[in-house]
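Just below is one structure, and these are the notes that go with it.
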Amino acid sequence: MKVVLRLAALQAASAIILGLGWWFAKDQMHGLAALVGGAIAATLTLYAGVQTFSRPATDPQTIARQFVRAQQKKWLLAVVLFALALKGLAAYALPLILAFAIGVSFYKLALLWN
């Protein structure tokens, strides 16, 4: 769970930085869209982590089942969150999706952590 929290914190920090960057480069709505996109990435990471690791499991089959179910629920939640975000921020889809993609790209960094 420690890696999940660290990754979500990095994604949240990235969302804030990207939101501020878009705000200063364009306007506050672009900044808000970037913040929301990054926040979606962090929220999904936390959700999947809690769903996977909140229940103790000792056998590999149970661990794998919890992981797969958490990932399925995570992507369903992603669809819902993006639908809601794009409903209000459709004109600002570029910063929203870019910030999400940058947030998700931090998963590669997590593979390098001990």
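Readers should treat all values here as calculations from the given coordinates under stated rules, not as data from a laboratory. Only a predicted model underlies this, so the values are computations on that prediction, with no experimental measurement involved. Cβ placement follows ideal geometry from the backbone for every residue including glycine, while neighbour counts extend to all protein chains displayed.
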Any hit, segment 103-114, residues being touching a Gly at 6+ places or on another chain (Cβ under 8 Å) and over 20 Å from LEU10 (Cα atoms): no
Checking LEU84 against (1) crowded, with 16+ Cβ neighbours inside 10 Å; (2) free of Cβ contacts under 8 Å to residues at least 12 places away in the same chain; (3) not charged (D, E, K, R), the condition it does not meet: (1)
Test: residue in segment 6-17 that is closer than 20 Å to ALA110 by Cβ, among the basic types (Lys, Arg) and either under 14 Å from the mean Cα position of the chain (by Cα) or in a helix (DSSP H, G or I) (or both): yes
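For (1) among the aliphatic types (A, V, I, L, M); (2) in contact with a helix residue (DSSP H, G or I) (Cβ under 7 Å, 6 or more places away or on another chain); (3) touching a residue at least 24 places away in the same chain (Cβ under 8 Å), each residue gets a yes or a no:
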{"position": "ILE17", "(1), (2), (3)": "yes, no, no"}
{"position": "ASP27", "(1), (2), (3)": "no, no, no"}
{"position": "ALA34", "(1), (2), (3)": "yes, yes, yes"}
{"position": "ALA42", "(1), (2), (3)": "yes, yes, yes"}
{"position": "LEU46", "(1), (2), (3)": "yes, yes, yes"}
{"position": "THR58", "(1), (2), (3)": "no, no, no"}
{"position": "ILE63", "(1), (2), (3)": "yes, no, no"}
{"position": "VAL79", "(1), (2), (3)": "yes, no, no"}
{"position": "ALA90", "(1), (2), (3)": "yes, no, no"}
